[in-house]
1. Looking at segment A:611-634, I want the residues that are touching a residue at least 60 places away in the same chain (Cβ under 8 Å) and have a partner that is of a type in the set (Ser, Thr, Tyr) and buried (at least 18 other Cβ atoms within 10 Å of the Cβ) with Cβ atoms under 6 Å, at least 6 apart or on another chain. Which pairs are those?
2. Quick check: anything in segment A:69-84 closer than 28 Å to A:Tyr225 by Cα and either part of a helix (DSSP H, G or I) or outside the structural domain of A:Glu380 (by TED's automatic domain parsing) (or both)?
3. Can you name the residue in segment A:659-673 that is part of a loop (DSSP other than H, G, I, E, B) and closer than 18 Å to A:Gln698 by Cα and, of all such residues, is farthest from the other protein chains (Cβ to nearest Cβ)?
4. Could you list, in sequence order, the residues of segment A:77-109 that are within 23 Å of A:Ala416 (Cα to Cα) and of a type in the set (Ser, Thr, Tyr)?
5. I'm told A:Val705 meets every condition in (1) closer than 22 Å to B:Lys416 by Cβ; (2) of a type in the set (Val, Ile, Thr); (3) away from every other protein chain (no Cβ under 13 Å) except one. Can you identify the failing condition by its number?
6. Considering every residue within segment A:589-609, establish whether at least one is under 39 Å from the mean Cα position of the chain (by Cα), in a helix (DSSP H, G or I) and within 19 Å of A:Asn675 (Cα to Cα).
7. Condition first: modelled with pLDDT under 85 and under 25 Å from B:Gly141 (Cα atoms). Now tell me which residues in segment B:283-325 satisfy that.
8. Which numbered condition in (1) within 14 Å of chain B (Cβ to nearest Cβ); (2) closer than 24 Å to A:Ser576 by Cα is the only one that A:Ile454 fails?
Amino acid sequence: MALPKYPLELAFPPHRKESAQGSNHNLPLKPTSNTHPWNLVYNSAIEDPQTLAKWDELFAVLDSCYGMALAKKEPLEAVKTAVVELYSALLSLFPLMAGYWRLFAAVKLKMFGQKEFVDCLKCAVTACPQSVSLWVEYLQALVDDLDVQKGKVEDSSHEIEKTTTENSSKNQSAENGEPSTIDSASSNSQESVDPNKIESIRLEFQRGASVIGRNFNSETFWDSYIAFESSISDLSEHLIKVYLQLVTLPLYLYSHFYNKFLDTAKKYRIDEIITDSELLATKIAPFGKSLADELSSEESQQILDAFTYDIFTETQRKVNDCWKFESELQLHSFVPTLSSAYDAQFEVYLKYLDHEMQILETATPDEKESQVAQILNIFERALIPHCHEPQLWRKYIAFLITVGSEFEKVQSLYDAAIFKFAPIADYQLRDEYAEFLMNNAKFDLMNIDMIRSIKQYSGTLDKSIYVKSAYLHDIKTLIRLWVQHVPAASSEPLLETLINNYFDRVDRYKKDSLSKNEIQNKEEYSLKPEHSMSLQKLLNDDSISLIIVSYLQLIRVSDENVLRIRKFYNKYHQESALARSVQFWNFFVRFEGQDMKNFVNLGHIVNYLKENTALPKQSVDAFIELQHAFVCCNLTKAMSSPESKHLLSPLINTHRDTSEDLFVNSSARKRLSKNHVESRNNLTAQKGSIFSQTLKKQLGHPGVVREYSPEITNSWIERDWILLSDVDKIPPLPTFRLVDKANSPLIYHD
Amino acid sequence: MYSNNGSSYRPGGDLYRPGRHNQRQGNYKNEDYAGRGNERAQNYPDRSSNRSDYRSNRNTYKPNGLYNGYGQSDQRNLNSQYGGNSYGAGRDYGHQNSNSYQQPRQRFQGQGNYTRGQKSPGDGYHLVYSQIQSENQLWMGDLDPRWSENDILDIWTELGERPTNVKIMRDKTGRSQYCFVTFSNPTAANTAVQRHRTPVPGSSRIFKLNKASGGGSLGASTGMGADQSRQNAPGGGHSMGQRSTVDYSLFVGDLAQDITEQMLYGKFNQKYPGVVKQVKIMTDMNTGMSKGFGFVRFHKPEAQQAALKEMNGVILGDRPIRVGLANGSSQEPAPGLKKAASTLSPSLKLPQQQPSLTPSSDPNNCVLDILGINYSITRDDLVAHYGSFGTLVYCKIDYKAQAAQVKYLLRGSAEKAFLFTDGFVMNGCNLGLRWGSEERPLASAKVDKSVKYSAAEKPPTIYGEVPDAVVLEDLSEEQLGDLKLTEPSELIGVSDFDQLNEDRIARREAYLALAY
């Protein structure tokens, strides 16, 4: 398993205690308890959440369990809880999978009844607002609900259940905008309708129209909208409004709606259709009349025809214009594993958007609004199958900013991208967000969101997935912004406190010094203590070095602080957290070598780091080379120093200390033995000996350990010399030990 | 002419080495012999002193009487050949152990070859030509170094068997090894040999006696040896010589103490009548006790092979015997049996055992598994740590399995990395290393033995330096093309060199700027 790619995966599987939306049961049984047949499938699905077939299998098992329990009249609570949890888990990971939302809703209807069903669909359209079929189902459910409550249709709930399950099973995997069977059977309920209810449903329809009305394939939605309005009244102003809005939209079935509109429009008066009185006046004027009422039916028909024809040709032009793109857009639903077809389609979307934006540039002010809405709609649609494309998010956000969209809108978009869909590795988006917030003077909000993001990656949440690179990057950005926007007088003690608190663990959380340091400064921004406190809690060994380096760079600006910096080194350089920090050592090597040109100090630093730290060889080599370069470049100064004889060694030993041969490279030997597992575990052993023993055991063939080698027990090699003529002192023949063990076959660790 | 195929047994050892011998056909001619033997045969007593100068010491006579025992029964009919081997230049003496006695001419050639297991390599060689009848002659070993010929003569005289001649054989340093005692008639010799293992009067020593005719075998092979030799005798040396050019003998082990050569012969002769040539049970030379093993010699390779298959585990006495090919027995049994012999005697040709091919033993393997990874180690960290030893082909991390895998371009880089980073504590993680395999998933720290390892491809041959901290899988096609993996054949100019150095420094600075 590689690192999670997208932010939503960080929190997967969701924590058990968080149950699904709308179901706040006390969970009597958890799906993991081993008594249930779905556990095995559950585990395999959780292991590999990308494979939808496993989820399907899991839900099938749950469904059959439910059926069994129902038949045996056993308690259903466990199954119900499991179903809710599992669907919630899946949909929290992939909120854009409309097919599973519909399945979830169907299951809710089956197990919990109508109210839960509607609630679930409501959640679905919030989580996945660009799905036409979800909207259709949701609104249909509302309409049916109305009927049921009225008690007009006794058996409707039964029928609905049937149709819903049919629908959902049909549209399981993909939502492709196929027309679902919207029956206008409930049109007989217009008498004694509760006006408040109707009004609320109408509001939902309007909301839906604003969200998905411009979707090129939204005909099912419009059908049901029209059906709803006409069920209430055949001749209401709402209905004609819907039509008037509808016919201007470039939709796939635009001519179908146009024809319906023509049929309907005949029933209305001309001034009900052309509501713009000025426009109406200009239309009527050629007939020599001033009021619509004065027109004859032929005349008004003529005006209507001309008016609608204009609309029609305009819509037709738009549809033809976008058809070359729309015809290539075949994949509308989200799938976890993308294929190359998706990549191709993504290119089409980009071209499509560019094309529409060009139109916007040349558009008249009247058209602009609708064109913007059109572009936004295309963005929203594209973000379903291509929600993991950071390029698309960035383009969308840039577009919103250029059209002067309000701050909240852009921010929510950033939010969705950063915390849900855009790849974690896309740091640029987060940096842009931080910049965006700072440009809008939202320093506190920036702090909150950056810390939230840091927390998400820090591995301190339940799931404890630590995304180190993202975490470090965010901390770096945050500190940079602090240093940039908070006056040095307050940021310096702030960082110092962070560092002191981190290393003095005893009173790490108790120190109140942060608030003391709070300076009520009028310039720029001041950092709220709670933000630095929450950052304090999120620091770890990897990130503390970033704070330290920022702090050092901050105080290095002033020459008076040289002593402070050196004291700081003396105080902290042996911390294990810094032994692995390239940045920390990079700072000091350059500080002493480049800025101070104090080669004695530089020598101490490099000697320490090459023998004691746990840095990668690459960076140790780099520092040794740097030292060599610094000394060479300032040879006169170096040689004039009273301790110049110490300075020669780096000039001579550079190649030795960067050698890849452990026999030659004694500093590396020391460094490695200090960081060797065994010498760390075994404190009593002489450091270094274990490492060299391990090395010796695998000489000749690294990785194949030869545990024993034969030894001469009475070796006289190390003894004094003897005269061979001295017969009495002829040494005995050598005796051996470990010969058998050394001859035994090698053990391979593979 | 009959050529005896001399053989020697290593005392106390299990080596049975029937010599390949050089048969000569045709009658022995004195001139011939003289030409080869430099007439020393006639004058041997005089030459004993300067023996050291004329013969290599390969031909050493082992003074235990065993060396020549094995051909004893045949030699009575020996016609001529004493085994020119010992004089032939450039021969492989190590395999030529011949004891030949030329009875008709009443010559004795006590020529043994014993080079193995010798305790003091310099101590001896020996050549003797005897003109006396070997039947009258005894070999006598374990001599007191102080004894002279006369002393020995006195000893025997004291015992009532006055020998006609005593000849002490000495080694280079003049130390006496053994002697030949000649009696006037065979009866006297037979009587004298009975004193074997009896104390020597006036000395702490014990008689070690044997028929000088090689009749040693401590009177053992008598039963059949004598019979056979007699049977064979009239046949003339010629055919016999031909036949015995090859030896078909078997080692027989796990013999009980009370098994005699007769019993052993009986058992084999019962099973393979008429083809058992000779049997021999090895005995301790001091105690005369059986050493628990012996040899059976066949006339025909078929019988040898059959016995090898069939006699193993046959009960003899009260325990099953063990049968194996005798060391040094014929390597060319018969054309048809060649294959069978080689399959049947795996113990003889023990190939050196090679370890099976595993990631560790594959010398071309450049893949390292790194175990003990956790989230605090990123891929960049790994590349920084592992990339400085050479170009990486890929670097994969699996956090769930807590493992990573890197592949180097060159084996040398991988070995260096192994020595440097095995057991290294990186970012607080104790890392373990082992040789990996590309096919083996990083599923877990445990090794799945069921996955068969197939040999890694041979790494490219690159003698120059490969760029450090480069992971090939991260590079685009274009960058891969730009990589200069082969050393330029021409010398590069100063400006190019500077450019390369600057590039390197730029890479270093970029790394230092980005690393955490």
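The values are calculated or read from the model by the stated rules, or taken from the named source; none is laboratory data. Computed from a prediction, not measured in an experiment: that's the story for all the values here. For neighbour counting, all protein chains shown are included, and Cβ atoms are generated from backbone atoms with ideal geometry for every residue, glycine included.
1. A:Glu611/A:Ser667
2. There is no residue in segment A:69-84 that is closer than 28 Å to A:Tyr225 by Cα and either part of a helix (DSSP H, G or I) or outside the structural domain of A:Glu380 (by TED's automatic domain parsing) (or both).
3. Pass one, segment A:659-673, residues part of a loop (DSSP other than H, G, I, E, B): A:659-665.
Those left that are additionally closer than 18 Å to A:Gln698 by Cα: A:660-665.
Working: A:Glu660: 5, A:Asp661: 8, A:Leu662: 6, A:Phe663: 10, A:Val664: 12, A:Asn665: 9 Å.
Among residues in segment A:659-673 that are part of a loop (DSSP other than H, G, I, E, B) and closer than 18 Å to A:Gln698 by Cα, the one farthest from the other protein chains (Cβ to nearest Cβ) is A:Val664.
4. Correct list: A:Tyr87, A:Ser88, A:Ser92, A:Tyr100.
5. Every condition holds for A:Val705 apart from (3).
6. Initially, segment A:589-609 is screened for residues under 39 Å from the mean Cα position of the chain (by Cα), giving A:589-591, A:609.
Adding the requirement that they be in a helix (DSSP H, G or I) leaves A:589-591, A:609.
Filter again for within 19 Å of A:Asn675 (Cα to Cα), leaving A:609.
Yes, that holds for at least one residue.
7. Across segment B:283-325, the qualifying residues are B:Thr283, B:Asp284, B:Met285, B:Asn286, B:Thr287, B:Gly288, B:Met289, B:Ser290, B:Lys291, B:Gly292.
8. (1)
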